[in-house]
Amino acid sequence: GNSVTQMEGPVTLSEEAFLTINCTYTATGYPSLFWYVQYPGEGLQLLLKATKADDKGSNKGFEATYRKETTSFHLEKGSVQVSDSAVYFCALVTGNQFYFGTGTSLTVIP
Amino acid sequence: NAGVTQTPKFRILKIGQSMTLQCTQDMNHNYMYWYRQDPGMGLKLIYYSVGAGITDKGEVPNGYNVSRSTTEDFPLRLELAAPSQTSVYFCASSWDRGRANEKLFFGSGTQLSVL
């Protein structure tokens, strides 16, 4: 079946630290991959996406590369800020349905 | 620009009570969805709609009902609330579905507790 597995949280980092949130997937067909972010008190919003193997999605300093050989889509940022504190969801869409990971809570401390 | 609006934000129900979670979008999207998120779990699809008058079950539809009388509104009904329905509920909408879908637009969620 289709599923997304992402690293357990919560994650706490100091400002300007390097961030990696791991995400792996199982899917039939050729999925598109996404990272969504949920800031406190808000709904999920799209952070970045990649639609085919080796594509790199990027936005707001975050990056993720679609790795078909390792079925992964890890989220990275070189220098996190306090404003990046949020919950991050990895997701895929295949066929007619989205599949979401469990979410990883990130807290960045000054 | 409002986007997707959900009400209420929080609600406590007693077992057996009923309620309706409201969802409205102002983007003229055809597709609308209801998800629930339980602690430590990903979002699970409850129901979805591909347009006014058309709804279909998702992964976890039991205990819920929906209707789609207009493009804008997609209410979710709980008829006999049970503790297993304690969760955070998200409404979402999109232009299209599946691989052609650019992204989902989400509401801010409803935190429901059934005691």
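Just so it is clear, none of the values below were taken in a lab; they were calculated from the coordinates. Since this is a predicted model, take the numbers as computed values, not measurements. For neighbour counting, all protein chains shown are included, and Cβ atoms are generated from backbone atoms with ideal geometry for every residue, glycine included.
Can you go through B:20, B:7, B:71, B:86 and tell me which one is in contact with a Lys or Arg (Cβ under 7 Å, 6 or more places away or on another chain), surrounded by fewer than 20 Cβ atoms within 10 Å (Cβ to Cβ) and not basic (Lys, Arg)?
Working: B:7 fails: in contact with a Lys or Arg (Cβ under 7 Å, 6 or more places away or on another chain); B:71 fails: in contact with a Lys or Arg (Cβ under 7 Å, 6 or more places away or on another chain); B:86 fails: in contact with a Lys or Arg (Cβ under 7 Å, 6 or more places away or on another chain).
Exactly one of B:20, B:7, B:71, B:86 is in contact with a Lys or Arg (Cβ under 7 Å, 6 or more places away or on another chain), surrounded by fewer than 20 Cβ atoms within 10 Å (Cβ to Cβ) and not basic (Lys, Arg), namely B:20.
Residue count for region A:61-79, restricted to those that are without any contact (Cβ under 8 Å) to a residue 24 or more places away in the chain and out of contact with any strand residue (DSSP E or B) (no Cβ under 6 Å at 6 or more places or on another chain): 3.
Restricted to region A:2-57, the set of strands (runs of 3 or more DSSP E) holding at least 1 residues that are away from chain B (no Cβ under 11 Å) comprises A:11-14, A:19-21, A:23-26, A:32-38, A:45-50.
All of B:110, B:20, B:70 fail the test of being within 13 Å of chain A (Cβ to nearest Cβ) and out of contact with any helix residue (DSSP H, G or I) (no Cβ under 7 Å at 6 or more places or on another chain), apart from B:110.
Scanning region A:72-110 for residues that are in a strand (DSSP E or B), farther than 27 Å from residue B:93 by Cα and of a type outside the set (D, E, K, R) yields a total of 3. Scanning region A:95-110 for residues that are surrounded by fewer than 20 Cβ atoms within 10 Å (Cβ to Cβ), at the interface with another protein chain (Cβ under 9 Å from one of its Cβ atoms) and either out of contact with any helix residue (DSSP H, G or I) (no Cβ under 7 Å at 6 or more places or on another chain) or of a type in the set (Gly, Ala, Ser) (or both) returns A:95, A:97.
When A:82, A:87 are checked against the criterion of being in contact with a strand residue (DSSP E or B) (Cβ under 6 Å, 6 or more places away or on another chain) and within 14 Å of chain B (Cβ to nearest Cβ), a single residue qualifies: A:87.
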